[in-house]
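The values are calculated or read from the model by the stated rules, or taken from the named source; none is laboratory data. Nothing here was measured: the structure is a model prediction, and the numbers come from that model. Methodologically, a virtual Cβ is constructed for each residue, glycine included, from the backbone with ideal geometry; neighbour enumeration extends over all protein chains shown. Just so you know, the surface numbers come from the protein's heavy atoms only, side chains and all, with ligands and any DNA or RNA stripped out. Shrake-Rupley method; radii C 1.70, N 1.55, O 1.52, S 1.80 Å.
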Amino acid sequence: MARTVKKTQHIGTGRRKTAIARVFLRPGTGRFLVNGKEPWLHLGNVINYLNLIKKPLEVAKLEGKYDVVAHVHGGGLAGQADAIRLGVARALVALNVSNKLLLKPEGLLTRDPRSKERKKYGRKKARKRFQFSKR
């Protein structure tokens with residue numbers, strides 16, 4: 001899941017719905033980059049998404065000490081924000097195993113398994129049926 005590269009960079013992988021994020025944690029000034037852009041540009045300046053991706057660093061009390069570079073693809077903005085959050089949390093555990101004790105009770109290391117249900121044949125959507133006509 002998470003691994004350390006070159007002793008200066010820690011990697012975490014996050015997934016949510018169909019979004020996949022590779023997150024690189026590097027010592028720095030607390031700068032965030034998502035696909036080479038500022039997070040508010042990529043995530044549409046939605047405050048909830050911006051707070052979501054910073055939460056693991058706040059819980060571990062490490063904001064402003066590490067730069068976060070995330071490469072994310074697939075899914076929508078909500079799925080991508082959750083994937084980045086999980087990737088940051090896993091990279092923090094790769095950085096220091098004691099961070100796991102802080103992040104686990106907050107639910108930041110849990111992968112959300114909910115995803116879209118597949119469409120079934122003979123139905124309009126996954127569960128919705130076509131309109132029934134008696135006559």
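Observations on the structure shown:
- Positions within region 18-33 being part of a strand (DSSP E or B), open to solvent by 40 Å² or more (accessible area, probe 1.4 Å) and closer than 11 Å to Q80 by Cα, in sequence order: I20, R22
- Any hit, region 93-100, residues being in a strand (DSSP E or B) and open to solvent by less than 50 Å² (accessible area, probe 1.4 Å): no
- The number of residues in region 81-135 being touching a residue at least 40 places away in the same chain (Cβ under 8 Å), touching a helix residue (DSSP H, G or I) at 6+ places or on another chain (Cβ under 8 Å) and not small (G, A, S) comes to 12.
- Subset of region 34-85 (residues that are of a type in the set (D, E, K, R), open to solvent by 50 Å² or more (accessible area, probe 1.4 Å) and either in a loop (DSSP other than H, G, I, E, B) or under 27 Å from S98 (Cβ atoms) (or both)): E38, K54, K55, E58, K61, E63, K65
- Selection of first residues in region 13-42 that are over 22 Å from D112 (Cβ atoms) and of second residues that are assigned to a loop (DSSP other than H, G, I, E, B) and open to solvent by 40 Å² or more (accessible area, probe 1.4 Å), restricted to Cβ pairs under 8 Å at least 6 apart or on distinct chains, gives the following pairs, ordered by first then second residue: R26/T8; P27/T8; P27/K65; G28/K65; T29/G64; G30/E63; G30/G64; G30/K65.
- Annotation note: of V46, V97, V88, the sole residue that is under 10 Å from the mean Cα position of the chain (by Cα) and hydrophobic (A, V, I, L, M, F, W, C) is V88.
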